[in-house]
Amino acid sequence: QVQLVESGGGLVQAGGSLRLSCAASARTFSNYAMGWFRQAPGKEREFVAAITWGGGVTYSADSVKGRFTISRDNAKNTVYLQMNSLKPEDTAVYYCNADRGLNTVKSGHGNSWGQGTQVTVSS
């Protein structure tokens, strides 16, 4: 199992930007597909974005397309989520997820989860 640690959350005004990072402990990080999910108070956890093992293909939820970008640096064992044009409805705890299977990550069933990082967007 991979250990994941998210960072980069905080309080930002609507229209602002944040970059989240997720550092992984995996010896072979490039063997894992990675994803970002979020959970707002009183709501279920939802898919935000995912990226393939080499980073060549990415997927994003419709609600964040054009605003959020997922990327990874396999040399640093880190996946990122660049969030631009933030809206109050983006307020949530953001989690990263890892699994060897891309579809497993995209469905939110990956074996490894981080502890989450809080993102709060004020209007």
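A few notes on this one:
- Of the accessible area of region 1-66, computed with a 1.4 Å probe over protein heavy atoms only, carbon and sulfur atoms account for 46 percent.
- Taking every protein chain into account, the accessible area of the chain amounts to 50 square angstrom per residue (probe 1.4 Å).
- Relative contact order computed over region 52-123 (Cα-Cα under 8 Å; 6+ residues apart), in percent: 26 percent
- Values of log10 I(q)/I(0), in the order q = 0.15 Å⁻¹, for the chain under a Debye, Cα-only, solvent-free model: -0.58
- Net charge over other residues, Cβ less than 15 angstrom from the Cβ of residue 49 (K, R count +1; D, E count -1): +2
- Approximate spin-label separation residue 23-residue 45, in nm, with each point projected 7 Å along Cα-to-Cβ: 2.2 nm
The values are calculated or read from the model by the stated rules, or taken from the named source; none is laboratory data. Quick caveat, the model's predicted, so the values are computed rather than measured. No Cβ is skipped: glycine too gets one built from the backbone with ideal geometry, and neighbour counts run over all protein chains shown. The area values use the complete protein model at the heavy-atom level, side chains included, leaving out ligands, DNA and RNA. Shrake-Rupley method; radii C 1.70, N 1.55, O 1.52, S 1.80 Å.
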